[in-house]
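Reviewing the structure listed below.
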Amino acid sequence: MPADPDPEPRIIDFELLREKPDAEDRKHALPRLIALLMDDLFRLPGTRLRFGLNPILDLIPAVGDGAAALISALTLFVAARYRIPKVVIARMGINILVNALIGLIPGVGEVFAFWFRPSHRNYQLLKTHIPAMATSSVTSRKKDWFFVIAVVTIILLLFLFCAGVGAYFFLRFLKAVFGT
């Protein structure tokens, strides 16, 4: 049996900003907070497994998946601010979309969100790319913002789709239970 090269789970530290934060700490504060709240807030007793509000929000029919996606999408604005390459921003958006789409499947979505942890993945991507891209003061270009707004619009449309599908099935359920 091959040895696991990384037996320790990656856990985001709870210290959002040190007493004397440097520029790197400030750049990572919002994505770190989102990853902490959405994917690393709670620990399963007796294990090293962590989860956050994402799988809990997924339990709310119709709007939970979309709400989790919108909260996670805030990291895309941080990425645009520091001019992270568009391919990385697209990958971050895909992480959010995959989690939201699979989250539509009852039961499977919650387990997938617990395992996949899109905000944590996006935080790791940002942590890797912000130092390389933003060594000095950087201003975002308009086309960076348009790209991020397009990705967030797709996520917002997904949220509306989730709400619509949930409302449709809820009305079908009410009709089946209470008749015409």
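Each value in this text was obtained by applying a stated rule to the coordinates, not by laboratory testing. Bear in mind that the values here come from a model prediction, so they are computed numbers and not experimental data. Cβ coordinates were reconstructed from backbone atoms using ideal geometry, including for glycine residues, and neighbour counts include every protein chain displayed.
Descriptive notes on the structure:
- At R0 = 30 Å, FRET efficiency that the Cβ-Cβ distance of Phe178 and Val108 yields, to 0.05: 0.55
- Evaluated over region 23-178, the Cα radius of gyration and Dmax, each in Å: 16.9, 63
- In terms of surrounding Cβ atoms within a 10 Å radius of their Cβ, His129, His120 rank from fewest to most as His129, His120.
- Fully extending the segment from Ile149 to Ala90 would add 20.1 nm, taking 0.36 nm per residue of separation and subtracting the current Cα-Cα distance.
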